[in-house]
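The values are calculated or read from the model by the stated rules, or taken from the named source; none is laboratory data. Model, not experiment: these values are computed from the prediction. Reconstructed Cβ throughout: ideal geometry from the backbone, glycine too, with neighbour counts over all protein chains shown. Calculation scope for accessible area: heavy atoms of the full protein, side chains included, ligands and nucleic acids excluded. Shrake-Rupley method; radii C 1.70, N 1.55, O 1.52, S 1.80 Å.
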Number of protein chains: 2
Amino acid sequence: MAAAEAEVSNKGVILKRFVTGFPTEADLELVTAVVRLAVPPGSASVMVKTLYVSCDPYMRNRMSEHNEASYIEQFVPGEVLATFSVGRVVASGHPNFKSGDLVWGMSGCEEYTLITDPESLFKINHPELPLSYYTGVLGMAGLTAYAGFFDVSKPKQGDYVFISSASGAVGQLVGQLAKITGCYVVGSVGSDEKVNLLKTKFGFDDAFNYKKEEDLNAALKRCFPQGIDIYFENVGGAMLAAVLPNMRMNGRIAVCGMISQYNLEQPNGAPNLFCLVAKRIRMEGFMVLDYFGTYNKFEEEIAGYLKEGKISVVEDVAEGIENVPTALIGLFSGHNIGKQLVTIAHE
Amino acid sequence: MAAAEAEVSNKGVILKRFVTGFPTEADLELVTAVVRLAVPPGSASVMVKTLYVSCDPYMRNRMSEHNEASYIEQFVPGEVLATFSVGRVVASGHPNFKSGDLVWGMSGCEEYTLITDPESLFKINHPELPLSYYTGVLGMAGLTAYAGFFDVSKPKQGDYVFISSASGAVGQLVGQLAKITGCYVVGSVGSDEKVNLLKTKFGFDDAFNYKKEEDLNAALKRCFPQGIDIYFENVGGAMLAAVLPNMRMNGRIAVCGMISQYNLEQPNGAPNLFCLVAKRIRMEGFMVLDYFGTYNKFEEEIAGYLKEGKISVVEDVAEGIENVPTALIGLFSGHNIGKQLVTIAHE
């Protein structure tokens with residue numbers, strides 16, 4: 001054990017202060033600590049070397065001091081952020097894990113992280129695929145897409161599916177799952193480059209750049225003259241208001257996130273919720289945490305699609321922990337193209 | 001047949017013009033026509049003498065020129081309003097109906113009405129109960145309450161149930177069905193008199209007058225320190241915004257109506273819809289029309305409760321067709337106490 005107990009430098013990213021409005025890189029800070037590559041004697045913890053960290057929109061909610069709608073606890077100013085990551089076990093006091101195991105799960109946003117609750121880690125069963133996929137398509141974002149689409153949206157072949165923020169980690173998989181299901185799929189994104197990506201890489205039937213549309217309602221009517229059966233909601237606000245009157249009878253809105261609202265001090269609501277009545281629409285929020293028990297089934301199915309080439313993945317990969325703040329903040333201006341992650345170490 | 005073909009005066013209520021904002025009595029007009037108490041030769045129509053007409057909040061939607069959220073066609077200015085009513089068949093060309101039959105269904109808001117689609121009529125199977133009940137607790141409003149509560153809200157014993165506009169035709173029955181189901185039930189209403197009604201007549205566990213509450217969120221926290229499992233939504237707007245953060249995990253919001261929004265040119269939306277995600281809330285609109293096929297089962301069950309005294313009914317009964325405009329417009333200022341209806345004829 002002595003050999004493993006070397007002390008090493010451990011860089012991590014902390015939240016400097018709670019955030020109001022749009023976060024900036026100045027709200028985050030890179031700090032350097034020292035860590036022993038060991039677990040406390042007698043503990044069931046696991047020490048993990050971080051390979052990749054995930055940058056996800058929901059993390060904005062954890063940066064606010066108080067948010068009645070928030071779903072998980074706030075970050076603690078001065079402490080290292082928590083995030084989903086992929087890593088390799090370097091020391092373990094837990095019988096289910098041994099040095100060398102590849103895992104993914106919630107960890108500190110740092111080079112080495114002590115997981116005190118290793119039951120929350122998932123083993124990586126398909127290391128023959130790019131390990132970075134476990135920050136996205138094979139990780140939390142992928143399971144979010146899978147659960148939200150199949151369990152919440154209840155798709156049928158031939159359904160008309162609209163996805164906002166469609167080139168992101170969740171949206172790109174929802175769209176491809178919808179195509180596999182035999183749906184007609186349209187996505188909205190924030191640049192022409194992303195529109196092109198949806199059509200050429202992910203096989204969407206149509207797509208539009210919401211920043212170029214003067215009238216979102218007209219854009220939706222153009223793309224969905226028949227109306228929308230399923231709206232996979234990632235943005236909220238004006239897009240939701242435009243979607244509601246374009247929903248079809250018995251439509252479903254899976255509320256995954258509302259990124260347009262996260263940085264507003266006064267969120268704006270959809271003024272036309274009464275559309276829910278006329279069209280018998282079901283609008284339902286969901287959280288991926290509720291589906292972690294189904295992870296292994298999901299992993300096998302998606303790994304299969306990936307190997308068969310039925311699902312494509314676009315990642316936006318930053319390099320080095322010092323670039324986490326830029327990568328994370330960039331999410332909120334749509335800077336990323338595809339799944340945003342940061343490589344922390346290559347081995 | 002000749003004897004039945006007497007021409008009689010037929011008063012009815014027309015919409016004079018499409019309405020913007022709050023409707024007034026001047027938007028409606030009493031007109032007098034002449035009708036022959038017969039059905040056209042060879043037709044399958046039914047001529048009905050109106051006994052009671054129902055005044056319902058949804059009728060406001062039909063008074064607007066255009067409403068993207070509207071669920072049924074608009075009224076036609078210059079033509080007699082359509083409404084649910086109770087009546088007696090006075091002439092029939094339809095094999096299922098004969099003179100003397102008591103029926104309820106959609107008809108003209110007039111003393112005598114020709115039903116050209118008698119398949120839409122329901123026969124009254126419990127004439128031993130007050131016939132006026134078929135405008136409310138045994139009619140459209142009752143089935144709305146029953147379907148919205150049991151089918152959409154999926155209640156369980158012990159659930160915490162909140163009902164807005166709780167003393168109205170729908171709300172009063174939802175509350176009593178919730179009590180029968182073993183739920184904890186609180187209602188909001190617009191006067192102290194109605195608060196008293198909920199507590200003493202309908203057996204609600206608690207109630208509040210929203211007009212006297214400075215902070216709806218605080219009122220809900222006071223009534224539901226544990227949170228709300230089911231919100232039966234009749235009003236929308238500020239009440240919905242206050243309810244959302246007070247919902248419990250896996251809560252359900254049955255969207256029946258949003259009366260606070262009907263007269264607004266710019267409806268206000270709930271700014272905190274993101275709560276749907278954090279609490280995994282299902283918010284679902286429904287329409288009673290989808291449940292008409294289940295009417296007979298509903299009628300038997302509710303008639304049983306009424307005879308056993310398990311359900312109480314409070315009606316606000318106006319007298320005479322000339323008082324329909326006042327009764328109908330009064331709904332939008334909460335003037336009615338209980339189910340609003342108008343007696344058109346006593347026989």
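Return yes or no: is B:Val34 loosely packed, with under 13 Cβ neighbours inside 10 Å and either modelled with pLDDT of 95 or more or not in a loop (DSSP other than H, G, I, E, B) (or both)?
Against the criterion (loosely packed, with under 13 Cβ neighbours inside 10 Å and either modelled with pLDDT of 95 or more or not in a loop (DSSP other than H, G, I, E, B) (or both)), B:Val34 qualifies.
Which residues, taken from segment A:250-269, are farther than 25 Å from B:Pro57 by Cβ, open to solvent by 10 Å² or more (accessible area, probe 1.4 Å) and not polar (S, T, N, Q)?
Once the filter is applied, which keeps residues that are farther than 25 Å from B:Pro57 by Cβ, open to solvent by 10 Å² or more (accessible area, probe 1.4 Å) and not polar (S, T, N, Q), segment A:250-269 yields A:Arg252, A:Cys256, A:Ile259, A:Tyr262, A:Leu264, A:Glu265, A:Pro267.
Condition check ((1) crowded, with 19+ Cβ neighbours inside 10 Å; (2) in contact with a Gly (Cβ under 7 Å, 6 or more places away or on another chain)) across all residues:
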position	(1), (2)
A:Gln157	no, yes
A:Lys194	yes, no
A:Asn209	no, yes
A:Lys212	no, no
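Go through A:Tyr146, A:Tyr133 for me and flag whichever is assigned by TED's automatic domain parsing to the domain that holds A:Tyr52 and either among the hydrophobic types (A, V, I, L, M, F, W, C) or open to solvent by 10 Å² or more (accessible area, probe 1.4 Å) (or both).
Going through A:Tyr146, A:Tyr133 in turn, just one is assigned by TED's automatic domain parsing to the domain that holds A:Tyr52 and either among the hydrophobic types (A, V, I, L, M, F, W, C) or open to solvent by 10 Å² or more (accessible area, probe 1.4 Å) (or both): A:Tyr133.
Give me the residue from segment A:215-238 that is under 23 Å from A:Tyr262 (Cα atoms) and not aliphatic (A, V, I, L, M) and, out of that set, most open to solvent (accessible area, probe 1.4 Å).
A:Asp215
Quick test for you: out of B:Gly105, B:Gly175, pick the one residue that is under 15 Å from the mean Cα position of the chain (by Cα) and not assigned by TED's automatic domain parsing to the domain that holds B:Phe232.
B:Gly105
Just give me the residues in segment A:240-249 being surrounded by fewer than 24 Cβ atoms within 10 Å (Cβ to Cβ) and either facing chain B (nearest Cβ under 9 Å) or touching a helix residue (DSSP H, G or I) at 6+ places or on another chain (Cβ under 6 Å) (or both), in sequence order.
If the condition is that a residue be surrounded by fewer than 24 Cβ atoms within 10 Å (Cβ to Cβ) and either facing chain B (nearest Cβ under 9 Å) or touching a helix residue (DSSP H, G or I) at 6+ places or on another chain (Cβ under 6 Å) (or both), then A:Ala241, A:Ala242, A:Pro245 are the ones that fit.
For A:Ile329, are the conditions met, namely being assigned to a helix (DSSP H, G or I) and touching an Asp or Glu at 6+ places or on another chain (Cβ under 7 Å)?
yes
Within segment B:270-322, restricting attention to residues that are small (Gly, Ala, Ser) and under 25 Å from B:Ile337 (Cα atoms), which residue is surrounded by the most Cβ atoms within 10 Å (Cβ to Cβ)?
B:Ala318
Look through B:Leu177, B:Leu173 and report the one residue that is open to solvent by less than 10 Å² (accessible area, probe 1.4 Å), in a helix (DSSP H, G or I) and closer than 17 Å to B:Pro57 by Cβ.
B:Leu173
Report the residue count in segment A:211-227 for those that are closer than 20 Å to A:Ser153 by Cα and within 14 Å of another protein chain (Cβ to nearest Cβ).
So the count comes out to 2.
Please go through segment A:50-73 and give me each residue that is of a type outside the set (S, T, N, Q), open to solvent by 20 Å² or more (accessible area, probe 1.4 Å), touching a helix residue (DSSP H, G or I) at 6+ places or on another chain (Cβ under 8 Å) and modelled with pLDDT under 90, ordered by number.
A:Glu68, A:Tyr71, A:Ile72, A:Glu73
Taking into account only those residues within segment B:279-309 that are part of a loop (DSSP other than H, G, I, E, B) and over 16 Å from B:Met140 (Cβ atoms), which is farthest from the other protein chains (Cβ to nearest Cβ)?
B:Gly309
What tally of residues in segment B:105-138 results from selecting those that are part of a strand (DSSP E or B) and under 23 Å from B:Glu308 (Cα atoms)?
Of the residues in segment B:105-138, 1 are part of a strand (DSSP E or B) and under 23 Å from B:Glu308 (Cα atoms).
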